[in-house]
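*Asks:* Structure provided below as structure tokens; questions to follow.
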Amino acid sequence: MDEECGMYLLLCRDFFIIHSKEEGKMITIFWVTILLIAVTMGLSLFRGVAGPGVFNRVAAVNIIGTKTIALLVVMGYYFERPYFFDIALLYAMINFIATLVFAKYLERGELWS
């Protein structure tokens with residue numbers, strides 16, 4: 001290993017790539033961020049299943065959708081896939097419209113009026 005320029009081997013994406021120490025720290029930050037988003041999605045899932053009322057469950061499902069959007073954006077940046085941003089934007093629009101439709105259904109008891 002080349003100690004002068006601060007390079008080391010890092011096992012990443014199932015093969016060896018040479019990274020600098022700064023890039024290794026960034027990879028760690030991205031994985032920690034992805035893990036934290038996944039943990040908060042799990043907590044929201046628990047709230048959605050065990051919620052005391054229907055409004056808490058709707059809010060939990062909306063939070064899961066929002067966390068999914070954040071997860072797609074972070075993963076798209078990490079894996080250098082720009083179409084993940086487009087997918088996240090489309091998913092955000094669908095999530096917003098679905099929340100509005102469900103809120104209207106809860107308020108009126110019907111969707112068409």
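The values are calculated or read from the model by the stated rules, or taken from the named source; none is laboratory data. Given the structure is predicted, the values throughout are model-derived calculations rather than measurements. Backbone-built Cβ (ideal geometry, glycine too); neighbour counts: all protein chains shown.
*Asks:* When you look at GLU4, is it at pLDDT below 85, part of a helix (DSSP H, G or I) and not basic (Lys, Arg), yes or no?
*Replies:* no
*Asks:* Please name all residue pairs, on different chains or six or more residues apart, with Cβ atoms under 7 Å, provided the first residue is in region 69-92 and is without any contact (Cβ under 8 Å) to a residue 40 or more places away in the chain and on the phi > 0 side of the Ramachandran plot and the second residue is exposed (fewer than 15 other Cβ atoms within 10 Å of the Cβ) and in a helix (DSSP H, G or I).
*Replies:* Filtered contacts from region 69-92: no entries.
*Asks:* Tally time: how many residues in region 90-113 are assigned to a helix (DSSP H, G or I) and surrounded by fewer than 13 Cβ atoms within 10 Å (Cβ to Cβ)?
*Replies:* Of the residues in region 90-113, 10 are assigned to a helix (DSSP H, G or I) and surrounded by fewer than 13 Cβ atoms within 10 Å (Cβ to Cβ).
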